[in-house]
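First the structure, in the form of structure tokens, and then the observations on it.
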Amino acid sequence: MKTNIFDQIRASVTGYVEKVTEPHVVFKRNRKIKEISGQVIRYVFLIGLCFVILFPTIQQILMALRAPEDVNNPAVVWIPEVWSTLNIKLSIMVLDYWDALLNTFKLSFFAMILQMASTALAGYAFSRLRFKGSNILFVLVILTIVIPPQALSLAQYLYFRDLKLIGKEGAIYLMSGLGMGIRSGIFIYIFRQFFRGLPKELEESAMIDGASVFRTFWNVMLPNARGAMVTVGLFAFVWQWNDAYFVKIFEVSKADFPLLTMRLLNAAENVYAALFYAGALDLVGQDIWENPLFLALISNVSALLMMLPLLIMYLFVQKGFVESIERTGIVG
């Protein structure tokens, strides 16, 4: 007896429904849906986060390439009508860029080296060289993170004035070398936690071979602290690069030693002087440089030029920086 075509269709549909409703098939389907949903949410979050982070930078770049006469043009929001590098040239003159860049790099680099040396030594002492009152001293180190720098600025100024270091970059170097640089308490804590995580057998084997405490630190422990050193070095360099508080208190930035941070703080006031001394007043009209929007534009472009070397540096060290963050256990 021949099977009816409708019976065949009904049997195939029934078999398919039974197959797709089997527990293992339902479990695989639900797991795949959850994976796809998780990926979509993750990508939406990352794209939104990237936009929030990159939005100011993209906006500053587009503003830097805008002609000065487009500052008051309400039709220009994102894409400039007239592309120009004049704002960048003016910002370079306002910042005294190349001299200030060299001086800022020099100050940040040597301060970074001194901070790494002093905080690594202090962190090793707190982690391994236990002595009476060490916990109290470490609590005092942690308090330097909590106490605002303004509370200590008067005493520091008077101290460095007696040493005749006011107006000299040596004040910054001395603070960094003595473990009192910018956020040195955080760096001491990072090194302390990192050294505590290293096995004690490394030190014991070195001491059995006759190595002194300092030689053990220098030849055994410090080479194994590469992750902490990269983290501390990058933070110390960037924070010193962006510092305007201490260089202003100790009057480090002067006419013969310009720094990017101090030149940036006075960017709006220095626009006319820079144009006048450079003989470039004819580049922009009188009504342009008196415009507060134009002065704000020059300040934004100057901030972009100050930030640019750090962005370029991060492109080369981002892999090592991420690895060092993971090794030191810094989160948040």
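The values are calculated or read from the model by the stated rules, or taken from the named source; none is laboratory data. Nothing here was measured: the structure is a model prediction, and the numbers come from that model. For neighbour counting, all protein chains shown are included, and Cβ atoms are generated from backbone atoms with ideal geometry for every residue, glycine included.
Descriptive notes on the structure:
- Any hit, segment 114-129, residues being among the aromatic types (Phe, Trp, Tyr) and either buried (at least 20 other Cβ atoms within 10 Å of the Cβ) or farther than 23 Å from Phe250 by Cβ (or both): yes
- Qualifying positions in segment 90-105 - in a helix (DSSP H, G or I), surrounded by fewer than 22 Cβ atoms within 10 Å (Cβ to Cβ) and touching a residue at least 12 places away in the same chain (Cβ under 8 Å): Ile92, Met93, Tyr97, Asp99, Leu101, Asn103, Phe105
- Only one of Leu305, Leu297, Leu315, Leu293 that is aliphatic (A, V, I, L, M), at pLDDT below 85 and crowded, with 17+ Cβ neighbours inside 10 Å: Leu297
- Qualifying positions in segment 199-211 - in contact with a helix residue (DSSP H, G or I) (Cβ under 6 Å, 6 or more places away or on another chain) and crowded, with 16+ Cβ neighbours inside 10 Å: Glu203, Ala206
- Tally of residues being touching a helix residue (DSSP H, G or I) at 6+ places or on another chain (Cβ under 9 Å), outside any helix (DSSP H, G or I) and aliphatic (A, V, I, L, M) across segment 212-259: 3
- Those residues of segment 54-73 which are within 14 Å of Ser91 (Cβ to Cβ), out of contact with any Phe, Trp or Tyr (no Cβ under 9 Å at 6 or more places or on another chain) and not hydrophobic (A, V, I, L, M, F, W, C), in sequence order: Gln60
- When restricted to residues that are surrounded by 15 or more Cβ atoms within 10 Å (Cβ to Cβ), of a type in the set (Asp, Glu) and without any contact (Cβ under 8 Å) to a residue 60 or more places away in the chain, segment 148-189 contains 0.
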